[in-house]
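Report on the structure given below.
The values are calculated or read from the model by the stated rules, or taken from the named source; none is laboratory data. Just so we're clear, the structure is a prediction, and the values are computed from it rather than from any experiment. Positions of Cβ are backbone-derived with ideal geometry, glycine not excepted, and every protein chain shown enters the neighbour counts. Ligands, DNA and RNA are excluded from the accessible area calculation, which covers all protein heavy atoms including side chains. Shrake-Rupley method; radii C 1.70, N 1.55, O 1.52, S 1.80 Å.
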Amino acid sequence: MRILVVEDEPRLLRSLAKALREEGYAVDTAEAGDDGLFKAQSYDYDAVVLDIMLPKLDGWELLARLRQHKKTLVLMLTARDATHDRVRSLDSGADDYLVKPFDLPELLARLRALIRRAAGQARPSIELGDVVIDLRGRSVTRAGAPVTLTAREYAILEYLAVHRGEVVTRSALYEHLFDESDDTLSNLLDVHVFSLRKKLGAGLIVTRRGQGYCIE
Ligand code: CA
């Protein structure tokens, strides 16, 4: 999953990006509203974390312009005690909001829930034969035994599992799983898929030649 964080407070932006990357998300960042809008319109993010008070273009305007073209999930960061902001967030088409200052675990939990709901994934786990993915704990078992995956491997597996039954193209995987700061070494999709098959069984992820990957 790939997330855009738009926040002009550099320390908060850095800590959010770091925490999200540690959770296995690909993360792009923007410190101003115009840059944030450009990125949100250019890429197909799984969610946008959007501050309200931003230079160039505030969060409201960014959201309004984005909503003219895209339904990307948006979680707004609102000021404390500003009931008006919270109501306005939801009225403006934000999918959720969080009041500053917030605890990181709550932000992560709300993002997971948002993305899960949007994918029509009401239950917090996905069963694929003897492989079970716990979306809340971000852990995987095979025949009841825990399987250790790297953050990248987990991200690929989760994305394919949430979109099971669909062929996911390589370019969609690149767009959703790798961010603008990734180096080429971590971009070796085939290497990660090879490793996932070794750990979870050769038949789980099917290659559709010339199209992409699929979990059936
Ligand atoms: Ca701000």
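Observations on the structure shown:
- Exposure ranking of Thr150, Thr29 by accessible area [1.4 Å probe, largest first]: Thr150, Thr29
- Listed residue (Ala113, His69, Ile3) projecting farthest to the positive dipole end of the chain, Cβ model: Ala113
- When Rg and Dmax are taken over the Cα atoms of the chain, they come to 17.8, 54 Å.
- The charge dipole of the chain, taken about the Cα centre with unit charges on the Cβ atoms of Lys, Arg (+1) and Asp, Glu (-1), comes to about 740 debye, rounded to the nearest 20.
- Per-residue surface analysis assigns Arg138 an accessible area of about 50 Å², computed on protein heavy atoms at 1.4 Å probe radius.
- For Phe194, solvent-accessible area (1.4 Å; no DNA, RNA or ligand), Å²: 130
- Solvent exposure of the range 125-214 amounts to 51 Å² per residue of accessible area, where only protein heavy atoms count and the probe is 1.4 Å.
- Rounded to 10°, Cα long-axis angle of helix 104-118 versus longest principal axis of the chain: 70
- Cα gyration tensor shape of the range 94-216, rounded if a/c is under 1.5, else prolate or oblate by comparing a/b with b/c: prolate
- Basic side chains Lys and Arg get +1 at the Cβ, acidic Asp and Glu get -1 at the Cβ, and with that the dipole of the range 2-118 about its Cα centre reaches some 340 debye.
- What separates the Cα centres of the range 1-21 and the range 148-177 is a distance of 21 Å.
- The residues of the range 11-88 expose, per residue, 50 Å² of accessible area to a 1.4 Å probe.
- Think of the range 125-214 as having a plus end and a minus end, set by charges on the Cβ of Lys, Arg, Asp and Glu; of Leu204, Leu177, Ile156, Leu204 sits farthest toward the positive end of this dipole.
- Sites His84 and Arg170, calculated FRET efficiency, Cβ-Cβ separation with R0 35 Å, nearest 0.05: 0.20
- Gyration tensor (alpha-carbon) shape descriptor, the range 2-118, a/c threshold 1.5: rounded
- Residues Arg164, Arg123, Arg67, sorted by accessible area with the largest first, give Arg123, Arg164, Arg67 [1.4 Å probe; ligands and nucleic acids excluded].
- An ellipsoid equivalent to the range 137-199, defined through the eigenvalues of its Cα gyration tensor, has semi-axes of 20, 14, 11 Å when rounded to whole angstrom and sorted largest first.
- Cross-link reach is defined here as a Cα-Cα straight distance under 16 Å, omitting same-chain residues fewer than 8 places apart; for Lys39 the lysines meeting it are Lys56, Lys70, Lys71.
- Computed with a 1.4 Å probe on the full set of protein chains, the accessible area for Leu12 sits at about 40 Å².
- Within the accessible area of the chain (1.4 Å probe), percent carbon and sulfur: 51
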